[in-house]
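Below you'll find the structure, written out as structure tokens, and then a few comments.
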Protein chains: 4
Amino acid sequence: MSNSIGEKFKITSFGSSHGFGVGAIVDGCPANLKLTTEDIQKELNKRKPGTSSVTTPRKENDEVQILSGIFEGKTDGTPITGIIFNKNQHSKDYSMFKNTPRPSHGDYSWMVKYGNYDYNGGGRGSGRVTIGHVIGGAIAKKLLKTQKIEIISHVVQIGDIKAKPQDYSTIKKNIEKNPIRCGDLKASKEMEEFILSKKQEGDSVGGIVETIAIGVPQGLGEPVFERLDGDLARILMNIGSVKGVEIGLGFDVATHTGSEINDEYQITNNKITTKTNNSGGIIGGMSNGMPITSRIAVKPTPSISKCQNSINLEKMENEKIEIKGRHDPCICPRVTVVAESSTAIVLADHMIRSGFIHPTNLDKSI
Amino acid sequence: MSNSIGEKFKITSFGSSHGFGVGAIVDGCPANLKLTTEDIQKELNKRKPGTSSVTTPRKENDEVQILSGIFEGKTDGTPITGIIFNKNQHSKDYSMFKNTPRPSHGDYSWMVKYGNYDYNGGGRGSGRVTIGHVIGGAIAKKLLKTQKIEIISHVVQIGDIKAKPQDYSTIKKNIEKNPIRCGDLKASKEMEEFILSKKQEGDSVGGIVETIAIGVPQGLGEPVFERLDGDLARILMNIGSVKGVEIGLGFDVATHTGSEINDEYQITNNKITTKTNNSGGIIGGMSNGMPITSRIAVKPTPSISKCQNSINLEKMENEKIEIKGRHDPCICPRVTVVAESSTAIVLADHMIRSGFIHPTNLDKSI
Amino acid sequence: MSNSIGEKFKITSFGSSHGFGVGAIVDGCPANLKLTTEDIQKELNKRKPGTSSVTTPRKENDEVQILSGIFEGKTDGTPITGIIFNKNQHSKDYSMFKNTPRPSHGDYSWMVKYGNYDYNGGGRGSGRVTIGHVIGGAIAKKLLKTQKIEIISHVVQIGDIKAKPQDYSTIKKNIEKNPIRCGDLKASKEMEEFILSKKQEGDSVGGIVETIAIGVPQGLGEPVFERLDGDLARILMNIGSVKGVEIGLGFDVATHTGSEINDEYQITNNKITTKTNNSGGIIGGMSNGMPITSRIAVKPTPSISKCQNSINLEKMENEKIEIKGRHDPCICPRVTVVAESSTAIVLADHMIRSGFIHPTNLDKSI
Amino acid sequence: MSNSIGEKFKITSFGSSHGFGVGAIVDGCPANLKLTTEDIQKELNKRKPGTSSVTTPRKENDEVQILSGIFEGKTDGTPITGIIFNKNQHSKDYSMFKNTPRPSHGDYSWMVKYGNYDYNGGGRGSGRVTIGHVIGGAIAKKLLKTQKIEIISHVVQIGDIKAKPQDYSTIKKNIEKNPIRCGDLKASKEMEEFILSKKQEGDSVGGIVETIAIGVPQGLGEPVFERLDGDLARILMNIGSVKGVEIGLGFDVATHTGSEINDEYQITNNKITTKTNNSGGIIGGMSNGMPITSRIAVKPTPSISKCQNSINLEKMENEKIEIKGRHDPCICPRVTVVAESSTAIVLADHMIRSGFIHPTNLDKSI
């Protein structure tokens, strides 16, 4: 059960970095959504490595194929299977990691739990597995678009360098103009330089990614245990390397008083909104019609070429490790599309669950 | 489905602040666990209001009753129903909130979504609903104790006042000695004063609560979508007023490099541990045998007596609101037991799911 | 997890014959359904023992209480908890069954699986547990009635005595006129005599119960694994003593050819129906708009006063057993309300899942 | 959610008769199970058409590929994806069924529910979709074999021709010797002749398939709503064309008394068994250690070449239909492997759920 998420719009992810392929099944997407391979490929290209100085130079010419679920150009209500067949994944020798786990990398956890672990390229623990998230997210985004819901993720911090807050349309425009996918072009320059300097040292850096969803109607999320914020927190924390999740003001709420940050109601043009959005669009676990904002803390890539202390599991003794290879010095830019996808999956699921999208036939949606 | 959580150890919460009662059903607790009403009452007393200057002066002489699931002093594998019957809950008039929603409080969300909302005392949106969490958590803690797993939650920050880090046993001892449930006695004094000063202004304050679980074996959590960190993040974010969740270093990872915070492996006394615990006991979504640490950001109680802007839903015009009543100026001390309970529920569930505790009969556990 | 059923309209059953009480939580019933205690009591009275010569003479003055989920006479979207507190259940000594399991009764299975079993009155294995089904079913029936869906169950066979087929309205009228709840008044007389003759011999008899649901729209059920027939088969087979489930023609399909039993389509008054209903209203796992008909095989009550071979678990030797007490010689009449309730639960759940009833607010239903 | 089944050992089925392929993901199979493509292919060959006079002459040279989940010849705990790519499926014109639904076939149900239906070869409603069941079942059977559990399905009735009861090993041997997969070689001859005679008339016939599982330990199944009999009934009723499910004596219980069919306990060689097995190995919803026996009623293939009444959906008028093509005159022989697979899936799932097989690592199983 561990590889599925969602109640009505449900993703089952499969595959790993060195098997035949990697992909996802989307079950529960209503019929009659127009969907092409390009819709998915476009999103996958955003996470593709080898496209800039700050990501790994590895090339992955990943082309997605849709194996089921489409009839005459539209979804037909049956499971949509998207897959990328792996190519050239056996070029490198990973056997050194068989007995020497990489610090802060999941491989040792996998070994202990399952007893049979594909250490090649991280196996199912590899970042390549997020291809499944993106396939699911691309379909979710297409579905949400029919309801005028839009989602963007952008890098707001790398190390100590913070992006200046920008309005939604500026962010949307700017993230396509820099390899960091940062909404502030000036900060993006500094971020890039900082990443490259750490890369040269054989080190890696962390950062913060923000996601904004606009157009979400009031009333998604079901108290007490299927709240929208809880479901978002789960899927975002489930992304590898994420160590924190915030909604709205997040941890800043600790240092404020109620009178400072309560979101007061107002009526303008006969419409109820809140004057501020410190709640990040979610109150009482339910969306309130304001933009939904979240932030995730992304740790530095654990794979670094600097020498580290580890152990040899066979000999049961301490051993040094140096992880050579073409690893991302900072995965934040590539994480943006995974955060966007994950948010889209949760929102699509809740849109169906809450009755805004018909569960089986999009044409019957309100 | 919205009021249940857990796969094998499953809580279904019911009731509200002004109905007949509030409680929870625990389904999936293995048979043969010794369990008494006192085990649950003890935990409930920690969240009871009216016990100190910094919580609401309301008295709730809540006595839990177990209606099912116990035979001859032990669980029998059938659903355990715990309930507290409400008394004296109708003393106050809440009808003023029927048309004037309280800023940053969930009541307006409930009205819109369900169309029939018990505004009295916040109904199902009331903090009183967390009684269900605590009933479930008390049983989970008792079950975990048989496996030598222990959990404590404590307040580490109120406003800008931060507790000094303490070791586990000091925290455990100190939290019983101050009304803040803070592990640092000196800081707790400052926190108390700060809360009282804001209370006098008719305002409220936020803070941060940390939870530590020790004794958790290696191998809880199932990648890719039922990771332990994801499940913890969800249940913690589901607590009312929580706007952020961190595991281990949390948001601090953004400002560090891999070489600074990677948890290096070491062998000492033929046992594998990590030198540091920046991962907070979870790597690759699975527990690694180190203490599991999380922190949650708790917003200031939205109910404040200061005048606020709101609206009148009937007249559809702007309207001021002053929320009189005996509200907690800071809910962090009472949230500690909910965080502890929530963490216990997730860990108990995963202990069964991962095969450490037998799914139906505790006596058969490893 | 074992005590819950349903995806959106979800029942969690709790309690046993000799604890404090027995009941159910209904989670997922949309808000704004008018609901009173009487709606539930009325259904419970149908399964009440002590009302006729063919059921147990035990009296159970069961009065249900609703503990949560109703506000101002209507559901409010929160969990509805219904409970009957047990009275006078400790009158009899069941300790003889502690070591001597009753043939074809579940108690030995419970002992082995859970290791701590409340043998008093069958504990959670008692037929009294179906009170939870009926509470859930009563609410489901009320919900379905708003969509003009109606369900009746009736006894069609006891031993070799078969009821003559009757039309729906005749059955509905007749079942209230005889203690067997049979739609054919003549057959009901013979059935009653047959049951009483076997009762006198200290024996029990089996039978067949049919359920008919009318007004169900086309399109409930989701292939491939959440088909409507599969979900009905599960909930009906889950009723204690049921050993077979049929939809439509059932096992008779084995002896027919396709040309004999295919349900041909026809258009009459611009409406598409089938000329026959051998499919029992379900084709391809989905409802087709025709009445949904099912039949269940109910075994004779295993508790009989005739001497039977059993074993003594303590001494591990063979031992005779005679089960004295006031057991139903035939449970079919009382099973009718459980079959009706179970069918209602599945249909209510699928009505929400398929978008015919709004998931949270009945007033928004199509 | 409709295409998944199972809680711990979970199958997600995808694909249809005329897309790129058809297959299944098995999530939750513990690591360290030896598994090859041949293990799965062997089972698939049993349902392959074109192998005898009584099945369709269509040839499907279906070769399964495993895309993920195997490392060094053993499962690694990650999702196992098995797929058969479709070949030569576009040879025939199905467009005539676009507007004229086939009586008792699911296509009209699909059209109405989803609004976009791949009518080619029945799309996802095609029997070809059971390839997913068989892939899942093959893995389940391999897993069960490590626990000495074995399952066979055989045809016991076609039309009015019934197989004589045989012992387990005779059935196992005989089903491989005749195209009907019947355990009684004499009856199989008559069945074959009967099927061929109806085939010549352009008609089809129904029958009954029995499944026997031996070696199942005591204690599978969880009352009240996840009973083993309920879960078996669901998965078996979910097979296309099945209209009835029985456990043990099944519908025959109606005509017997308790004293006739109660399964009395006995101790032989210090082991507790029942003298008879009228319960079919399941009492109180839990396995009791005796062989688990079920029977399913399979309707005649709805696709027949005889002229039938149907309708034209476009013109909304009555219309005749003759379904030409190479359809199975009786699908019972091919259904045996689907029944076997479905039973295996449920048993594998419950073996993990009940703690007999370790949830993630087979080597740690009891």
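The values are calculated or read from the model by the stated rules, or taken from the named source; none is laboratory data. Keep in mind it's a predicted model, so treat the numbers as computed, not measured. Neighbour counts are summed over all protein chains in view; Cβ atoms, including those assigned to glycine, are modelled from backbone coordinates with ideal geometry. What goes into the accessible areas is simple: the full protein's heavy atoms, side chains included, and nothing from ligands, DNA or RNA. Shrake-Rupley method; radii C 1.70, N 1.55, O 1.52, S 1.80 Å.
Using only alpha carbon pairs under 8 Å that are at least six residues apart, calculate the relative contact order of the range A:245-318 and give it in whole percent.
Details: 71 pairs, mean separation 21.1, N = 74.
Once normalised by length, the contact order is 29 percent.
Can you tally the net charge around residue B:215? Count Lys and Arg as +1, Asp and Glu as -1, for every other residue whose Cβ sits under 11 Å from the Cβ of residue B:215. Mind dumping the intermediate values first?
Details: positive: B:145, B:148; negative: B:150.
It works out to a net charge of +1.
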The range C:4-364 - charge dipole about Cα centre, Lys and Arg +1 at Cβ, Asp and Glu -1, debye rounded to 20
660 debye
Exceeding 29 Å between C-alpha atoms, which entries from my cross-link table qualify? They are A:148/B:113; A:148/D:98; A:148/C:271; C:148/C:271; A:142/A:324; A:8/C:141.
A:148/D:98; A:148/C:271; A:142/A:324
Report, by chain and number, residues whose modeled amide H sits under 5 Å from the one on residue B:226, excluding near sequence neighbours (fewer than 5 apart, same chain).
none
Fraction in percent of alpha-carbon pairs per bin - 10 Å, the range A:233-366
10, 25, 26, 19, 12, 6, 1, 0
Taking the axis that carries chain A onto chain D, what is the nearest Cβ in chain A, and at how many Å, to the whole number?
A:12, 2
Rounded, prolate or oblate: pick one for the range D:226-266, where a ≥ b ≥ c are the square roots of the eigenvalues of its C-alpha gyration tensor, a/c under 1.5 means rounded, and failing that, prolate if a/b is larger than b/c, else oblate.
oblate
Residue among D:64, D:346, D:298 with the largest mean-square fluctuation in a Gaussian network model of chain D, springs linking Cα atoms under 10 Å:
D:64
At q = 0.09, 0.17, 0.18, 0.22 Å⁻¹, what is the log10 ratio I(q)/I(0) for the range B:118-245, with the Debye formula run over Cα points and no solvent?
-0.34, -1.14, -1.24, -1.43
Tell me, what is the per residue accessible area of the range A:223-263 in Å², probe radius 1.4 Å?
17 Å²
Identify all aspartates and glutamates with a Cα-Cα distance to residue A:306 below 17 Å; exclude those on the same chain that are fewer than 8 residues away in sequence.
A:201, A:203, A:319, A:322, A:328, B:260, B:263, B:264
Rank C:252, C:107, C:118 by mean-square fluctuation in a GNM of chain C with C-alpha springs under 10 angstrom and give only the top-ranked residue.
C:252
Cα pair count fraction exceeding 25 Å, expressed as % - the range A:4-364:
56 percent
Would you mind listing the distances between the residue A:73 label point and the same position in each other copy? Use 7 Å along Cα-to-C-beta, nm, one decimal, shortest first.
5.1, 5.4, 7.4
Which residues, if any, in the range B:153-178 have at least 20 Å² less accessible area in the whole protein complex than in the isolated chain, probe 1.4 Å?
B:159, B:160
Output wanted: per-residue J couplings in Hz (rounded whole) for the range C:165-173, from phi through Karplus 6.51 cos²θ - 1.76 cosθ + 1.60, θ = phi - 60°, x for Gly and Pro.
x, 10, 6, 3, 5, 5, 4, 4, 6
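Helix by helix through chain B, keep the DSSP H runs that span 30 Å or more along the axis on Cα and average at least 0.5 on Kyte-Doolittle, and give those back in order. Before the final figure, lay out each step's value.
Details: long enough: B:332-353 (31 Å, 0.71).
Helices passing the filter in chain B: B:332-353.
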What gaps in nm, shortest first, separate residue C:169 from its twins in the other copies when you place the label 7 Å past Cα toward the beta carbon?
6.4, 6.5, 8.2
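Let me check I have the definition right: for the protein assembly as shown, take the eigenvalues of the Cα gyration tensor, multiply each by 5, take square roots. What are those semi-axes in whole Å, largest first? Mind showing how you got there, number by number?
Working: eigenvalues 492, 290, 200 Å².
Here the semi-axes work out to 50, 38, 32 Å.
Any idea of the total accessible area buried by the C-B contact, 1.4 Å probe, rounded to 100 Å²?
Details: alone 18050 and 18070 Å², together 32550 Å².
Using a 1.4 Å probe on protein heavy atoms, the buried area is about 3600 Å².
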Find the centroid of the Cα atoms in the range A:242-316 and in the range D:66-130, then give the distance between the two in whole Å.
42 Å
For chain C, with +1 on Lys and Arg beta carbons and -1 on Asp and Glu, the positive-most of C:276, C:157, C:96 along the dipole:
C:96
Do the sum for the protein assembly as shown: with -39,500 (n - 2.57) for every DSSP H run of n ≥ 4, divided by all residues, what is the mean residue ellipticity at 222 nm, to the nearest 500 deg cm²/dmol?
-8000 deg cm²/dmol
Position residue A:291, label points 7 Å along Cα→Cβ, spacing to each other copy in nm (shortest first, one decimal):
3.9, 5.9, 6.8
Under-5 Å amide H pairs with residue C:157, H placed in peptide plane, nonlocal only
C:163, C:208
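Within the range C:4-364, what whole-number % of the accessible surface is contributed by carbon and sulfur, with the 1.4 Å probe and all protein chains included in the calculation? Don't skip to the end; give the middle numbers.
Values: 5650 of 11590 Å².
Within the range C:4-364, the accessible surface is 49 percent carbon and sulfur.
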Which of A:300, A:30, A:165 ends up with the largest GNM mean-square fluctuation for chain A, with Cα atoms connected below 10 Å?
A:165
I'd like the residues of the range A:13-34 whose 1.4 Å-probe accessible area shrinks by no less than 40 Å² going from the isolated chain to the full set of protein chains.
A:14, A:20, A:25, A:27
